[in-house]
Amino acid sequence: MLPYSYKVRGTVWIFLYLFFVLAPLFVLLTGSLPPPRDFWTEFSAAIGYAGLAIMGLQFGLTARFRYVTEPWGEDVIYHFHRQISLLGVGLVVAHPLILFAVRPELVALLNSIRAPWRARFAALSVYSLVALVVMALWREKLKIRYETWHLTHILLSIIAVTAGLLHMLGWGFYLTDTRKRVLWIALAIFWIGLLLYVRVAKPLFMLRRPYRISEVRKERGDTSTLVMHPDGHPGFRFSPGQFAWLTVWGSPFKITGHPFSFASSAAVTDGSVEMTIRNLGDFTSEIQKVPVGKRVYLDGPYGAFTIGNPADMHVLIAGGIGITPMISMIRTLADRRDTRPVTLLYGNEDWESITFREELEALKARLNLTVVYVLTDPSDGWTGERGFITAEVFKRHLRPPYGEHEYFICGPNVMMDAIEKALGEMHVPQSKYHSERYSFV
Ligand SMILES: Cc1cc2nc3c(=O)[nH]c(=O)nc-3n(C[C@H](O)[C@H](O)[C@H](O)COP(=O)(O)OP(=O)(O)OC[C@H]3O[C@@H](n4cnc5c(N)ncnc54)[C@H](O)[C@@H]3O)c2cc1C
């Protein structure tokens, strides 16, 4: 359940968001007004303005303001960023389409050679937005590398929003009034400020607070743990289950950082942090080769996937590398000498690839911990759970009433969908389970 302060803060941010989308629109209706036009022309202009305001605010949604994202968690914000962008792009694209329908002579503006600059900017903005959406929705199908996509995504969004603004200013009409022009230009400066904050101010801050790799530990399941110590600063405190963006090669100004959960105990006081990383792609395959002493950068902590609420029992459900936030929770509870029962349901392929297996067994001596291994490909003679974690597995290992425990789920998307469904079938209220998805995109 969300703490009360988060609920209040979340509500304030929602109102602020709506204010920034709608207020610039209503300001257009104040002061001296241009001659009225037909309903559809006015409607099309209104959705064009609103669409652009939504797109501009996208820079804020991805700016990783901890104070803003805390009530929901970063994954929810990214999900919202994706969904709301579809609405924003839809509004921007509908704007010219409605105009073409009610005033067919405007179709001639599509001829970018003869069209005035204000129409060319409009076309550039719309084409960039369409490219942005296509690449975001079908990046994997189009076989575009994550890093290439990320850079293109940022460039296209800057082009789309700038061109949209130049189109608006060039067209004038509602913006012939100097006060309103100033307001929209100030808004654009605010959007650019958000971008500069993420791409310049934040990296500068990280540059001054580097970390050093003090150990690279091999783990079971093609996985390595990086142990990092703050270099010349005290580090930060995190809550178990939270994560940070890690930059290993290059400076913090690099466009793409990679998110990883903290695996270490949050009770450690020397500022050191550990991340346990599975070899799954270009970046992660290089982790085992990171030399000790290397300088790295962390942007964090982030995320709302964390323990802290009083619950009679914590149920942790991990699939594969989804164990990392759970091991941080378990290590922290052990360090805090917490006596509440913890049940870990841990899905893996086989016995040999279970990351942290030995440590989990050892932790049972320090904690009221039950570990249920669920294997999809066990060897002959395995007597434990096999297949996937289902409602039946829950019922065999948890005591009712199921709705009173606090559930934490992290693993592949398909597993998480199935578990959320199973919890629904067991009448566990949504407020009692927390999910961390390892795919924001
Ligand atoms: C909140 C969070 C916590 C995570 N914690 C862990 C962890 O503790 N241990 C662990 O091994 N993995 C973790 N991951 C997953 C990890 O971030 C990706 O596996 C890694 O970034 C993939 O990079 P790659 O270049 O090796 O793989 P690629 O082959 O380049 O990418 C594989 C897929 O990973 C995703 N991805 C790639 N880069 C990024 C990025 N910069 N940001 C978001 N998604 C990306 C994309 O969907 C991509 O298709 C976490 C992810 C998130 C979102």
Discussion item. Out of everything in region 284-297 that is buried (at least 17 other Cβ atoms within 10 Å of the Cβ) and within 11 Å of the ligand (Cβ to nearest atom), what residue ends up being nearest to the chain's Cα centre (by Cα)?
Written reply: T284
Discussion item. For region 279-300, which positions are without any contact (Cβ under 8 Å) to a residue 60 or more places away in the chain and basic (K, R)?
Written reply: K289
Worksheet item: Assuming W149 fulfils every condition listed in (1) open to solvent by 40 Å² or more (accessible area, probe 1.4 Å); (2) part of a helix (DSSP H, G or I); (3) within 16 Å of the ligand (Cβ to nearest atom) apart from one, which condition is it?
Response: (1)
Worksheet entry | All positions within region 268-283 that are open to solvent by 40 Å² or more (accessible area, probe 1.4 Å), more than 11 Å from the ligand (Cβ to nearest atom) and of a type outside the set (S, T, Y) | V268, D270
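I'd like to check something: does region 374-386 contain any residue that is in the same structural domain as T343 (by TED's automatic domain parsing) and within 28 Å of the chain's Cα centre (by Cα)? Step through it out loud before you land on a result.
Residues of region 374-386 that are in the same structural domain as T343 (by TED's automatic domain parsing), as a first pass: 374-386.
This time we only want the ones that are within 28 Å of the chain's Cα centre (by Cα), so: none.
Within region 374-386, not a single residue is in the same structural domain as T343 (by TED's automatic domain parsing) and within 28 Å of the chain's Cα centre (by Cα).
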Item to complete: Return a yes/no flag: does region 298-319 have any residue that is over 20 Å from K432 (Cα atoms), modelled with pLDDT under 95, among the charged types (D, E, K, R) and open to solvent by less than 30 Å² (accessible area, probe 1.4 Å).
Response: yes
Response to the item:
Scanning region 403-431 residue by residue, the ones that are under 21 Å from P325 (Cα atoms) and either open to solvent by 60 Å² or more (accessible area, probe 1.4 Å) or assigned to a helix (DSSP H, G or I) (or both) total 12
Discussion item. Looking at E219, E215 in this structure, which one is acidic (D, E) and within 13 Å of the ligand (Cβ to nearest atom)?
Written reply: E219
Fill in: Failed criterion for R139 (all others in (1) among the basic types (K, R); (2) assigned to a helix (DSSP H, G or I); (3) in contact (Cβ under 8 Å) with a residue 60 or more places away in the chain hold)
(2)
Worksheet, complete the sentence: When region 33-66 is checked residue by residue, the ones that are surrounded by fewer than 19 Cβ atoms within 10 Å (Cβ to Cβ), part of a helix (DSSP H, G or I) and aromatic (F, W, Y) are F39, W40, F43
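Do the conditions hold for W191, that is, is it of a type in the set (F, W, Y) and under 30 Å from the mean Cα position of the chain (by Cα)?
On the way: of a type in the set (F, W, Y): yes; under 30 Å from the mean Cα position of the chain (by Cα): yes.
When the stated conditions are applied, W191 passes them.
When you look at L137, is it more than 19 Å from Y78 (Cβ to Cβ) and open to solvent by 40 Å² or more (accessible area, probe 1.4 Å), yes or no?
Details: more than 19 Å from Y78 (Cβ to Cβ): no; open to solvent by 40 Å² or more (accessible area, probe 1.4 Å): yes.
No.
Each row is one residue, and each column tells you yes or no for (1) closer than 27 Å to P401 by Cβ; (2) hydroxyl-bearing (S, T, Y); (3) in a loop (DSSP other than H, G, I, E, B); (4) not assigned by TED's automatic domain parsing to the domain that holds V198.
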residue: N309; (1), (2), (3), (4): yes, no, yes, yes
residue: A318; (1), (2), (3), (4): yes, no, no, yes
residue: I321; (1), (2), (3), (4): no, no, no, yes
residue: I330; (1), (2), (3), (4): yes, no, no, yes
residue: A334; (1), (2), (3), (4): yes, no, no, yes
residue: T339; (1), (2), (3), (4): yes, yes, yes, yes
residue: T343; (1), (2), (3), (4): yes, yes, no, yes
residue: E359; (1), (2), (3), (4): no, no, no, yes
residue: A365; (1), (2), (3), (4): no, no, yes, yes
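Before we move on, is L87 in the same structural domain as L137 (by TED's automatic domain parsing), open to solvent by 60 Å² or more (accessible area, probe 1.4 Å) and not in a helix (DSSP H, G or I)? First the steps, then the outcome.
Working: in the same structural domain as L137 (by TED's automatic domain parsing): yes; open to solvent by 60 Å² or more (accessible area, probe 1.4 Å): yes; not in a helix (DSSP H, G or I): no.
No; evaluated as a whole, the condition is false for this residue.
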Worksheet entry | Residue under evaluation S261, criteria (1) on the phi > 0 side of the Ramachandran plot; (2) within 11 Å of the ligand (Cβ to nearest atom), criterion not met | (1)
Discussion item. Being outside any helix (DSSP H, G or I), within 26 Å of F260 (Cα to Cα) and modelled with pLDDT of 95 or more is the requirement here; does L246 meet it?
Written reply: yes
Worksheet item: Somewhere in region 162-172, is a residue at pLDDT 95 or above and either assigned to a loop (DSSP other than H, G, I, E, B) or open to solvent by 30 Å² or more (accessible area, probe 1.4 Å) (or both)?
Response: no
Practice prompt. Count, please, the residues in region 225-257 that happen to be within 13 Å of the ligand (Cβ to nearest atom), of a type outside the set (A, V, I, L, M) and crowded, with 19+ Cβ neighbours inside 10 Å.
Written response: 9
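The values are calculated or read from the model by the stated rules, or taken from the named source; none is laboratory data. Bear in mind that the values here come from a model prediction, so they are computed numbers and not experimental data. With ideal geometry, Cβ positions are generated from the backbone for all residues, glycine too; neighbour counts draw on all protein chains shown. Heavy atoms of the whole protein, side chains included, go into the accessibility calculation; ligands, DNA and RNA do not. Shrake-Rupley method; radii C 1.70, N 1.55, O 1.52, S 1.80 Å.
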